[in-house]
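> Sharing a structure here in structure tokens format.
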Amino acid sequence: MDAKSQTPAVNLPPVYSLIARHEVFPEVSHDETARYNFLANLNRHLATYISPGNKIAFDKRVQPNFVAEHGRDFQTRDEVKEAMKQDPHYQSWAALRRSTMEMRQQGGRSMTLRQAEDLAKKVANLNAKSPETLILDPNLKTPYYLSIMDNHCMPGSYHTELFEGDVSNAANYDSGLFVTSGGMLGKYTDGGGKAIASWVLSNAPDFKPKRILDIGCGIGHNTLPLATAFPDAEVIGLDTGGPMLKYGHARAVALGIKNVKFMQINAENLSMFENESFDWVQTTMFLHETSSKAMVNIGNEIFRILKPNGLSLHIEQPQYTAEMPLYEQFIRDWDAFYNNEPFWGAMHDVDMNDWMISTGFKRENLLQFGARSINDNEDHTKPKAPEVEDHGRSAIWNVFGAWKK
Amino acid sequence: MINDILLSSNKAKGKRPYFLEDKTVERVLNITMAVAGELAVMHERLDTIERLLEKKNILQRSEIESFIPNSEEAEERQRWHATYIARVLRTVQQELEALQQDPSHNRSMEEIAEELGRI
Ligand SMILES: C[S@@+](CC[C@H](N)C(=O)[O-])C[C@H]1O[C@@H](n2cnc3c(N)ncnc32)[C@H](O)[C@@H]1O
């Protein structure tokens, strides 16, 4: 066999049956598993074969046509977006991608809604085992920016309960990231949290956080790895979404993780926490789901509650900079408009260094590094085909942060 | 009790973008992809069954041809069809939902992006 025939033509996504189950994980039937297998493969196909065609169409006809018509090159990513809208290949890809995302929601919801009452019961029973670590505030108002549309096209988003105690959307969220990420986030969808814990352990070996806050923790996928990596720390996950916290807390209880608390709080107002009361404040894939003013408020609160010598870190996709080609900005921005992530673009335009400095951090104490998901789904015994960059959707992140000194 | 069949295919808050020049073609594409998905599901299920039967050596193909469901089985099968059809026709349901929703549930991401960048 020559080298070529040993290289697989495609990296197949892991089968859904590899996902880790815990006590509150929804029951997944044979056909629901198969539906998710189909969708993971469809996602992989679009990312590997159809999406790269967008750049080819851009280079071959969209850009040359624009230059011919206007006598100049593109000046903004919005111009790229408008021109690409006319391209037939882009149209096919975009229509298929949108359809795939809607099917993923449909698949997850049909699975969790049919067992919504059982899920609610399981969650309530587990939560009753440790009521002191789940602090809900039923009067908390859902922030405007979360309520005017449903983020990533999940009907009802993070805050809707169809009946008292309903957690079906949280369970849907838990079940589906494996599919949209092609398993890249690991069996427990915690590859981001593991990556950040591992970075801190390796790069700040003397840092011994006693109190850690994870803002916008969702169901705690990436909170729990912090709690396991720092077993002596008290970890608090906060979120505005009541059903997310109920499910996330039950999940933590089911997984036997004790040093974590879940609280229903709006991150823009952390007045219940004293000045200088946390060693580490984390956000993971969170800031892009807020708004400009919210980011200012959240930044100020983070600086205020952080202890001297404390650490603040934010995991996001790479920021758009003047050096990033407009085509790449456009394709990275796709989810903003077409997967209901409307603050995505404005957030990725923010200079994170300026933002952190404006809240009180000093320039010499800023950090920036890349992180890659720690993925226990990879089969290291098989050769891999070269990976195709799936802009804005890969489990490879930029981490921004700062020490408070 | 909730109507899990219809709820499963709900439209998300926010105006749905269309990409193909002819919206009706995109509607058909959406339906077709859902059907393609269900065909794949069926294929996987049959594959499971055939492999199990093969291992256990228990079934003759002719038994499948002559099978008639009892009333409970028939009901289960009909419910399966109802769920299946609602799933496949998701896009029609969502356009109808958009028509009935308050306009504030149906704002464009461009408009919201502009606003969130500002406020
Ligand atoms: C994309 S999820 C990220 C979840 C989690 N960090 C993870 O890595 O899996 C964003 C979360 O932020 C929450 N959120 C958005 N704005 C918030 C705010 N102002 N205060 C608290 N939580 C917020 C949402 O409810 C949602 O659960």
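Read the figures in this text as sums done on the coordinates, not as results from a lab. Small disclaimer: the values here were computed from a predicted structure and weren't measured. We place every Cβ from the backbone using ideal geometry, glycine too, and count neighbours over all the protein chains shown.
> State all residues of the stretch A:144-186 that are farther than 25 Å from A:Arg114 by Cβ, within 14 Å of chain B (Cβ to nearest Cβ) and small (Gly, Ala, Ser); if no residue qualifies, say none.
Residue satisfying the conditions is A:Ser147 alone.
> Within the stretch A:62-92, can you find the residues that are of a type in the set (Phe, Trp, Tyr) and either more than 9 Å from every other protein chain (Cβ to nearest Cβ) or assigned to a loop (DSSP other than H, G, I, E, B) (or both)?
To start, the set of residues in the stretch A:62-92 that are of a type in the set (Phe, Trp, Tyr) comprises A:66, A:74, A:90.
A:Phe66, A:Phe74, listed by residue number.
> Tell me which residues, restricted to the stretch A:222-248, are more than 10 Å from the ligand (Cβ to nearest atom) and among the acidic types (Asp, Glu).
A:Asp232, A:Glu234
> So A:Val179 passes all but one of these: (1) more than 14 Å from the ligand (Cβ to nearest atom); (2) in a loop (DSSP other than H, G, I, E, B); (3) over 25 Å from A:Phe369 (Cα atoms). Which condition number does it fail?
(2)
> From the list B:Arg16, B:Arg51, B:Arg87, B:Arg107, which residue is over 20 Å from the mean Cα position of the chain (by Cα) and surrounded by 16 or more Cβ atoms within 10 Å (Cβ to Cβ)?
Working: B:Arg16 fails: over 20 Å from the mean Cα position of the chain (by Cα); B:Arg51 fails: surrounded by 16 or more Cβ atoms within 10 Å (Cβ to Cβ); B:Arg87 fails: over 20 Å from the mean Cα position of the chain (by Cα).
Just a single option satisfies the conditions, and that option is B:Arg107.
> Please find, among B:Asn30, B:Asn10, B:Asn3, the residue that is touching a Pro at 6+ places or on another chain (Cβ under 6 Å) and within 14 Å of chain A (Cβ to nearest Cβ).
Matching residue, one of B:Asn30, B:Asn10, B:Asn3: B:Asn10.
> Step by step: first the residues of the stretch A:32-56, then only those that are surrounded by fewer than 17 Cβ atoms within 10 Å (Cβ to Cβ) and free of Cβ contacts under 8 Å to residues at least 40 places away in the same chain, then the one that is nearest to the other protein chains (Cβ to nearest Cβ). Which residue is that?
The selected residue is A:His45.
> So, one more: If you scan the stretch B:33-56, which residues turn out to be more than 9 Å from chain A (Cβ to nearest Cβ) and in contact (Cβ under 8 Å) with a residue 12 or more places away in the chain?
B:Val35 - this is the single residue of the stretch B:33-56 that is more than 9 Å from chain A (Cβ to nearest Cβ) and in contact (Cβ under 8 Å) with a residue 12 or more places away in the chain.
> To continue, here is another question. Determine which member of the set A:Phe303, A:Phe361 is in a loop (DSSP other than H, G, I, E, B), more than 12 Å from the ligand (Cβ to nearest atom) and over 18 Å from the mean Cα position of the chain (by Cα). Don't jump to the end; show me each part of the working.
On the way: A:Phe303 fails: in a loop (DSSP other than H, G, I, E, B).
Of A:Phe303, A:Phe361, the one residue that is in a loop (DSSP other than H, G, I, E, B), more than 12 Å from the ligand (Cβ to nearest atom) and over 18 Å from the mean Cα position of the chain (by Cα) is A:Phe361.
> Conditions first: (1) surrounded by fewer than 16 Cβ atoms within 10 Å (Cβ to Cβ); (2) away from the ligand (no atom under 15 Å from the Cβ); (3) away from chain B (no Cβ under 14 Å). A:Lys141 passes all but one, so which condition is the exception?
(2)
> Does A:Ala95 satisfy the condition of being within 11 Å of chain B (Cβ to nearest Cβ), surrounded by 13 or more Cβ atoms within 10 Å (Cβ to Cβ) and touching an Asp or Glu at 6+ places or on another chain (Cβ under 7 Å)?
Numbers: within 11 Å of chain B (Cβ to nearest Cβ): yes; surrounded by 13 or more Cβ atoms within 10 Å (Cβ to Cβ): yes; touching an Asp or Glu at 6+ places or on another chain (Cβ under 7 Å): yes.
So A:Ala95 fits the description; yes.
> For A:Val167, which of the numbered conditions (1) surrounded by 24 or more Cβ atoms within 10 Å (Cβ to Cβ); (2) within 10 Å of the ligand (Cβ to nearest atom) fails to hold?
(2)
> In the stretch A:181-205, which residues are buried (at least 22 other Cβ atoms within 10 Å of the Cβ) and among the charged types (D, E, K, R)?
Once the filter is applied, which keeps residues that are buried (at least 22 other Cβ atoms within 10 Å of the Cβ) and among the charged types (D, E, K, R), the stretch A:181-205 yields A:Asp190, A:Lys194.
Yes/no matrix, rows are residues, columns are (1) closer than 18 Å to A:Asn169 by Cα; (2) in a helix (DSSP H, G or I); (3) within 13 Å of the ligand (Cβ to nearest atom):
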| position | (1), (2), (3) |
| --- | --- |
| A:Leu201 | no, yes, no |
| A:Gly220 | yes, no, yes |
| A:Ser271 | no, no, no |
| A:Asn275 | no, no, no |
| A:Thr283 | no, no, yes |
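> Against the conditions (1) farther than 23 Å from A:Met111 by Cβ; (2) outside any loop (DSSP other than H, G, I, E, B), where does B:Phe19 fall short? Just the number, please.
Among (1) farther than 23 Å from A:Met111 by Cβ; (2) outside any loop (DSSP other than H, G, I, E, B), B:Phe19 violates only (2).
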